[in-house]
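Asker: Dropping a structure here in structure tokens format, bear with me for questions.
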Amino acid sequence: MAIIKVVNLTKKFKELVAVSNVSLEIAERECFGLLGPNGAGKTSLIRMITAVSPPTAGNIWVMGKDLPKYDREVKAQLGVVPQIDNFDPDLTVMRNLLTYARYFDIPGKEAYRRSLEALKLFQLEEKHNSQIRELSGGMKRRLLIARGLINQPRMLILDEPTIGLDPQAKHLVWQKLKQLKSQGVTELLCTQNMEEATLLCDRIAIMHLGKVLALDSPQQLIRRFVGDKIWEIEVTPNNKEKVLQELANLKFDFEEASNVVQAFHLDDESAKKMVSFNPRPRSATLEDVFFRLTGRLLIE
Amino acid sequence: MRMFSWHFIHVWQRNRDVFFRLWRTEAVGYVIEPIIILLALGTGLGIYIGIVGGQKYIEFLAPGIIASYSMFSASFECTYGSFIRMEYQNTYDAILATPLNVEDVIAGEIFWGATRAFFTGTGILFIAAAFQLVQSPWAILIPIVCFMDGLMFAAIALFFTSLAPAIYTFNYFFTLFINPMFFLSGVFFPLDQFPQILQSLSWIFPLTSVVHITRGLFSGEFSSELWLALAIILAFASLFFTISLVTMRRRIVK
């Protein structure tokens, strides 16, 4: 059963269309990724799903309940991990968790038990009496996820959970997110980190300018839009035109990216046809898909 | 317009917990300062003023100070305090990700502002009692009036906060609204020495009504305008509470 179902969802801010006619379903127990450049509409979509922003048009069902009518009931079942930390800076780590638990009407003793458990899970139990400002960036991010788990949500919604973290902290967060998923928590992950998306997500929706351009597993997205291998030819201004002309003649699927021409969907046999240009193969990644779908130009 | 639910109490509790962690720094302004005013103006300046309306000046001044410092507490709490929570600490965002809605946050903030006024007013009342300035047992009701005083000014302040583009905007709120009221609502001198027209106009300032009631309870001498004053406070409080529910939702929910 779909834990989230979104149908023809649109969000407008005056003239700006942030989300345009998006429909998608997220299955229980999967990790679903939202990938897209800044301004793609990821955050607007998440804000609507978490019932903090009403849609301009369209419908949302979360766990079978329609929003925004059942917003309190839905929010009680969600764990939201924001991108910017919004702890109470004047309260200790433990007090922060207890205060947050109180918003969910979790009684004191139970809240304390769950807070300890969440701190242990994220290796923060020694920090329970610390001030928020004493925590490192990685600890704060882990604490944000721990806080998001306090109501034992069926679904965790994470907005860029590893942005700005060092590799060690990043890998610890990834490991915990995998562990939570294996325990049955559905995850909706909004990210710009391709490695993260490939590693964690079962399915990914690539968004651009408010629309979902493609939706599939990371492997399928790579296979569909670029092929398993990419052949790259380094070009100079002198031979660039010649290379492009030749690849066009061969009816290859290719694209130029500054001083490199990339050919997609080629098997080794076909690649031999352009051997004179000295092409080099490499494995395709989600980033290649991302660039193909959303373009290389800076969007602002 | 949507109503708030009883969940608002959790916002109140959150603010209370933070306050009791920091109260040592906060209490200074709200209790020490009025004591200094009472001593400096009441006993110092009061010697030259003598008897006002049958009372010593300090006895006349004390209930006005209680009313106005309660007002300051609630007003600061729901302007600077609320603005910092909303815009800098992102506390509202954190709360709105839980089963609480915007209206719960607003109600929690306003009732907390009222509670701050209650603490401040009660604190000064105890000090006034220690100085043996309280003349009537009716003064026991003053903390309730301080709470209502706070409810009204917290609602007005939060309404202003819902429109404030930046934290500096609150300078206008205090220099053009709160401070003039402090001086022109009968805290420092009886309003009956104003021309009739100004006397009537001073009732526009909601603090005038509060001072009227606290002074009555303090001395035990009630005027016929007591019920009018009470009605004015309730009207202001419910009006601005309601408007805040609408304007705050408009500001926060996008």
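Asker: From zero up to wherever the largest Cα-Cα distance of segment A:120-221 sits, split into 10 Å bins and tell me the percent of pairs in each.
Answerer: Answer for segment A:120-221: a P(r) of 13, 45, 31, 9, 2 percent.
Asker: Give me the base-10 log of I(q)/I(0) for the protein assembly as shown at each q in 0.09 Å⁻¹, Debye formula, one uniform scatterer per Cα, rounded to two decimals.
Answerer: So the normalised log intensities work out to -0.78.
Asker: Now a separate question. Taking only the alpha-carbon atoms of segment B:122-254, what semi-axes of the equivalent ellipsoid follow from 5 times the gyration tensor eigenvalues under a square root, in whole Å, largest first?
Answerer: Details: eigenvalues 169, 61, 43 Å².
Square roots of five times the eigenvalues give 29, 17, 15 Å.
Asker: Taking θ as phi - 60°, what are the ³J(HN,Hα) couplings along segment A:187-198 by the Karplus curve (6.51, -1.76, 1.60), each to the nearest whole Hz, with x for Gly and Pro?
Answerer: Values per residue, Gly and Pro as x: 10, 10, 10, 9, 8, 10, 8, 5, 4, 4, 4, 5 Hz.
Asker: Of all the Cα-Cα pairs you can form in segment A:1-154, what percent are over 27 Å apart? Let's see the in-between values first.
Answerer: Details: 3898 of 11781 pairs.
Value for segment A:1-154: 33 percent of Cα pairs lie more than 27 Å apart.
Asker: Taking each residue of B:82-94 in turn, how many C-beta atoms of other protein chains fall within 10 Å of its C-beta, and what is the average? List each step's numbers first, then the result.
Answerer: Working: counts 0, 0, 0, 2, 0, 0, 1, 6, 5, 5, 2, 5, 12.
Per residue, the average neighbour count from other chains is 3.
Asker: With viscosity set to 0.692 mPa s at 37 °C, what whole-number translational diffusion coefficient in µm²/s follows for segment B:1-139 from Stokes-Einstein and a Kirkwood radius over Cα pairs?
Answerer: Numbers: Rh = 16.7 Å.
So the translational diffusion coefficient is about 196 µm²/s.
Asker: Take every Cα pair under 8 Å in chain A that's 6+ residues apart, average their separations, divide by the length, and report that relative contact order as a whole percent.
Answerer: So the answer I get is 21 percent.
Asker: Treating only the Cβ of Lys, Arg, Asp and Glu as charged (+1, +1, -1, -1), what charge dipole size does the protein assembly as shown show about its Cα centre? Round to the nearest 20 debye.
Answerer: My answer is approximately 700 debye.
Asker: Using 0.36 nm per residue, how much length does the chain from B:Leu141 to B:Gln193 gain when fully extended, once their Cα-Cα distance is taken away?
Answerer: 15.9 nm
Asker: Rounded to two decimals, what is the ratio between the C-alpha radius of gyration of segment A:149-300 and 2.2 N^0.38 Å?
Answerer: Cα Rg divided by the expected 2.2 N^0.38 Å: 1.28.
Asker: Report, in deg cm²/dmol and to the nearest 500, the calculated mean residue ellipticity at 222 nm for the protein assembly as shown, where each DSSP H run with n ≥ 4 adds -39500 (n - 2.57) and the sum is divided by the residue count.
Answerer: -15000 deg cm²/dmol
Asker: Related question: Please name which of A:Leu116, A:Leu98, A:Val6 has its Cα lying farthest along the dipole of segment A:2-217 towards the positive end, using unit charges on Cβ (Lys, Arg +1; Asp, Glu -1) and the Cα centre as origin.
Answerer: Farthest towards the positive end: A:Leu98.
Asker: Mind checking which lysines have their C-alpha under 29 Å from A:Lys272, skipping anything on the same chain fewer than 8 residues away?
Answerer: A:Lys229, A:Lys240, A:Lys242, A:Lys251
Asker: Once both axes come from the Cα atoms, what is the angle between helix B:142-163 and the longest principal axis of chain B, in degrees from 0 to 90, rounded to 10?
Answerer: In chain B, helix B:142-163 runs at an angle near 50 degrees to the longest axis.
Asker: For segment B:1-104, which chymotrypsin sites (Phe, Trp or Tyr not before Pro) are both in a DSSP coil and crowded by at most 16 other Cβ atoms within 10 Å?
Answerer: Sites meeting the loop and neighbour criteria: B:Trp6.
Asker: Still on this structure: Counting just the Cα atoms, what span does chain A cover along each of its three principal axes? Round to the nearest Å and put the largest first.
Answerer: 73, 43, 34
Asker: Another one. Please compare each pair in A:Lys5/A:Lys211; A:Lys170/B:Lys254; A:Lys11/A:Lys170; A:Lys127/A:Lys170; A:Lys127/A:Lys181 to a cut-off of 21 Å on the Cα-Cα distance and tell me which ones are over it. Working shown, then result.
Answerer: Details: A:Lys5/A:Lys211 16 Å; A:Lys170/B:Lys254 32 Å; A:Lys11/A:Lys170 32 Å; A:Lys127/A:Lys170 19 Å; A:Lys127/A:Lys181 25 Å.
With Cα atoms farther than 21 Å apart: A:Lys170/B:Lys254; A:Lys11/A:Lys170; A:Lys127/A:Lys181.
Asker: Using only Cα atoms, tell me the angle between helix A:167-182 and the longest principal axis of chain A; keep it within 0 to 90° and round to the nearest 10.
Answerer: So the helix axis and the longest Cα principal axis differ by about 70 degrees.
Asker: So for segment B:1-92, averaging the separation of alpha carbon pairs under 8 Å that are six or more residues apart and normalising by length, what relative contact order in percent results?
Answerer: It rounds to 18 percent for segment B:1-92.
Asker: On to the next question. Per q in 0.14, 0.27, 0.30 Å⁻¹, report the Debye log10 I(q)/I(0) for segment A:229-283, using one uniform scatterer on each alpha carbon and no solvent.
Answerer: -0.29, -1.17, -1.48
Asker: How high is the FRET efficiency between A:Gln179 and A:Glu126 when r is their beta carbon distance and R₀ equals 25 Å, given to the nearest 0.05?
Answerer: 0.80
Asker: Still on this structure: Can you report the principal axis dimensions of segment A:1-71 using only the alpha carbons, biggest first, rounded to whole angstrom?
Answerer: 35, 27, 18
Asker: Something else now. Mind putting together the pair-distance distribution for segment B:8-252? All Cα pairs, 10 Å bins, whole percent per bin, short to long.
Answerer: 8, 33, 34, 18, 6, 1
Asker: Now a separate question. If you take the charge dipole of chain B about its Cα centre, with +1 on Lys and Arg Cβ and -1 on Asp and Glu Cβ, which of B:Leu217, B:Trp203, B:Ser70 is farthest toward its positive end?
Answerer: Towards the positive end, the residue furthest out is B:Ser70.
Taken together, the values in this text are just the output of simple stated rules run on the coordinates, not laboratory data. On a predicted model such as this, the values are computed, not experimentally measured, just so you know. Here Cβ is always computed from backbone atoms with ideal geometry, including for glycine, and neighbour counts include all displayed protein chains.
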